[in-house]
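Participant: Have a look at the structure that comes next, please.
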Amino acid sequence: QVQLVESGGGLVQAGGSLRLSCAASGRTFTSYSMGWFRQAPGKEREFVTAISWSGGSTIYADSVKGRFTISRDSAKNTVYLQINSLKPEDTAVYYCAASLDWGHALRREYVYWGQGTQVTVSS
């Protein structure tokens, strides 16, 4: 069992930055690849980015490439999402999730989910 708790969301002006954190419980953190998804009001939850067990590989949705950076600190059981050059369309609830596999952008491949953290970008 893995519990995930996101933090770091908030209200920010367009062009600003945020760093989201996802703290994981349990001693098997390195057994999971980790991903971030987001869900805007009235829209489906969409894949944003993922990082492999070791942190050596990452994948990004095209819409966030160059602005978002995922990283993980296994000593702290934490995954981070650095978001730069925020746009109003980035407004969403951001969720972190854990997968036993790697390289997936599909929600069904992720077995554990956090409760989400709200990011609101004003224009």
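Participant: Heavy-atom accessible area per residue, the chain, 1.4 Å probe: how many Å²? Don't skip to the end; give the middle numbers.
Facilitator: Working: 6290 Å² over 123 residues.
Ligands and nucleic acids excluded, the figure is 51 Å² per residue.
Participant: When the convex hull of the C-alpha atoms of the range 21-123 is computed, what volume per residue in Å³ does it have? Present the calculation step by step, with values, prior to reporting the outcome.
Facilitator: Working: hull volume 9.8 nm³, N = 103.
That works out to 95 Å³ per residue.
Participant: Please list 4, 100 in order of solvent-accessible area, largest first, computed with a 1.4 Å probe with all protein chains present.
Facilitator: Numbers: 4 10, 100 110 Å².
Largest accessible area first, the residues go 100, 4.
Participant: Oh, and also: At a 1.4 Å probe radius, carbon and sulfur cover how many percent of the accessible area of the chain?
Facilitator: Working: 2920 of 6290 Å².
On the chain, the fraction of accessible area on carbon and sulfur atoms equals 46 percent.
The values are calculated or read from the model by the stated rules, or taken from the named source; none is laboratory data. The structure displayed is predicted, hence computed values, not measured ones. What goes into the accessible areas is simple: the full protein's heavy atoms, side chains included, and nothing from ligands, DNA or RNA. Shrake-Rupley method; radii C 1.70, N 1.55, O 1.52, S 1.80 Å.
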